[in-house]
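**Q** Mind looking over this structure? Questions follow.
The values are calculated or read from the model by the stated rules, or taken from the named source; none is laboratory data. Note that the coordinates shown come from a computational prediction; the quantities given were computed from them, not determined experimentally. All Cβ positions, glycine included, derive from the backbone under ideal geometry; neighbour counts span all protein chains shown. The protein model used for the area step is the full one, side chains on, heavy atoms only, and it has no ligands, DNA or RNA in it. Shrake-Rupley method; radii C 1.70, N 1.55, O 1.52, S 1.80 Å.
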Amino acid sequence: MHELSITQSMLDLVLKQAEEAGAEKVGKISLVIGEMTGVAARSVRFYFGFLSKGTPAEGAALDFKVIPTTARCLNCHKEFELGEFDWTCPHCQSNNIEITGGKELFVESIEVD
Ligand SMILES: [Zn+2]
């Protein structure tokens with residue numbers, strides 16, 4: 001159900017922007033999803049299909065940009081991509097790390113007709 005509420009808020013935002021732009025139809029929606037959010041693109045696509053019915057966003061193309069989970073080592077200060085169960089720095093094996101990317105979740109842009 002996670003994706004259902006996310007898709008609903010995304011659609012609300014898109015419709016509001018389309019209305020403000022005086023657009024009658026939304027052509028394309030570009031979304032940025034961080035890997036860490038656990039949001040599945042195919043679920044968003046599925047929910048979008050029925051939530052957008054009868055709105056100007058019906059039939060709009062969805063474009064997903066998935067951001068990998070990245071971290072910075074607080075020991076050697078290098079940045080790297082995090083594996084799912086591997087929370088250690090590949091350079092110095094320290095587990096003193098901070099997450100720097102992968103929590104993104106937003107509408108990057110919309111194209112209207
Ligand atoms: Zn390190």
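**Q** In the chain, if the dipole is taken from +1 on Lys/Arg beta carbons and -1 on Asp/Glu beta carbons about the Cα centre, which of V14, S30, T88 is farthest to the positive end?
**A** It is T88.
**Q** DSSP loop GluC sites (Glu not before Pro) in the range 1-105 with at most 12 other Cβ atoms within 10 Å of their Cβ, which ones?
**A** Here the sparse-neighbourhood loop sites are E24, E84.
**Q** Separate question: How about the range 35-71: which trypsin sites (Lys or Arg not before Pro) there lie in a loop by DSSP and see at most 12 other Cβ atoms within 10 Å? Present the calculation step by step, with values, prior to reporting the outcome.
**A** Values: sites: R42, R45, K53, K65; in loops: K53.
Hits after loop and neighbour filter: K53.
**Q** Now for a different question. Give the residue list of chymotrypsin sites (Phe, Trp or Tyr not before Pro) in the range 1-101 that are DSSP loop and have at most 14 other beta-carbon atoms within 10 angstrom.
**A** F85, W87
**Q** Leaving out ligands, DNA and RNA, and with a 1.4 Å probe, what % of the accessible surface on the range 26-76 is carbon or sulfur?
**A** 54 percent
**Q** What size of dipole, in debye to the nearest 20, comes out for the range 1-63 about its Cα centre when the only charges are +1 on Lys and Arg C-beta atoms and -1 on Asp and Glu C-beta atoms?
**A** Value, rounded to 20: 180 debye.
**Q** Which residue fluctuates the most in the chain, going by a Gaussian network model with Cα springs under 10 Å, if the choices are I97, I29, I67?
**A** Greatest mean-square fluctuation among the candidates belongs to I97.
**Q** Now a separate question. Going Cα to Cα from K16, which lysines come in below 27 Å? Please leave out same-chain ones fewer than 8 positions away.
**A** K25, K28, K53, K65, K103
**Q** With a 1.4 Å probe and every protein chain left in place, work out the accessible area per residue of the chain in Å², rounded to a whole number.
**A** On a per-residue basis, 61 Å².
**Q** Taking the chain as the reference, fit the longest principal axis to its C-alpha atoms, fit the long axis of helix 2-20 to the helix C-alpha atoms, and give the angle between the two in degrees, 0 to 90, nearest 10.
**A** Helix 2-20 sits roughly 50 degrees off the main axis of the chain.
**Q** Something else: Could you give the size of the charge dipole of the chain about its Cα centre, using +1 on the Cβ of each K and R and -1 on the Cβ of each D and E, expressed in debye and rounded to the nearest 20?
**A** Roughly 140 debye, rounded to the nearest 20.
**Q** Nearest 10 degrees is fine. How inclined is helix 41-51 to the longest principal axis of the chain, computing both from alpha carbons?
**A** Tilt of helix 41-51: around 20 degrees.
**Q** Once you place label points 7 Å from the Cα toward the Cβ at E108 and S30, how far apart are they in nm?
**A** Rounded to a tenth, the inter-label distance reads 0.5 nm.
**Q** If I model a spin label as a point 7 Å beyond the Cα along the Cα-Cβ vector, how far apart are those points for E81 and I67 in nm?
**A** Calculated label separation equals 1.6 nm.
**Q** What is the dipole size for the range 35-90, taken about its Cα centre, with +1 at each Lys and Arg Cβ and -1 at each Asp and Glu Cβ, in debye to the nearest 20?
**A** Numbers: 6 positive and 7 negative charges, 37 e Å.
For the range 35-90, the charge dipole is close to 180 debye.
**Q** May I pose another question? With a 1.4 Å probe and all protein chains kept in place, how do L62, L13 rank by accessible area, largest first? Walk me through the numbers before you get to the answer.
**A** Values: L62 20, L13 75 Å².
From most exposed to least exposed: L13, L62.
**Q** Looking at the chain only, what percent of DSSP beta bridges run antiparallel? Nearest 5 please. Walk me through the numbers on the way to the answer.
**A** Details: 14 of 21 bridges.
Percentage antiparallel, nearest 5: 65.
**Q** For I99 and S9, compute 0.36 nm times the residue count separating them, minus their Cα-Cα distance, and round to one decimal in nm.
**A** Computed gain between I99 and S9 is 29.9 nm.
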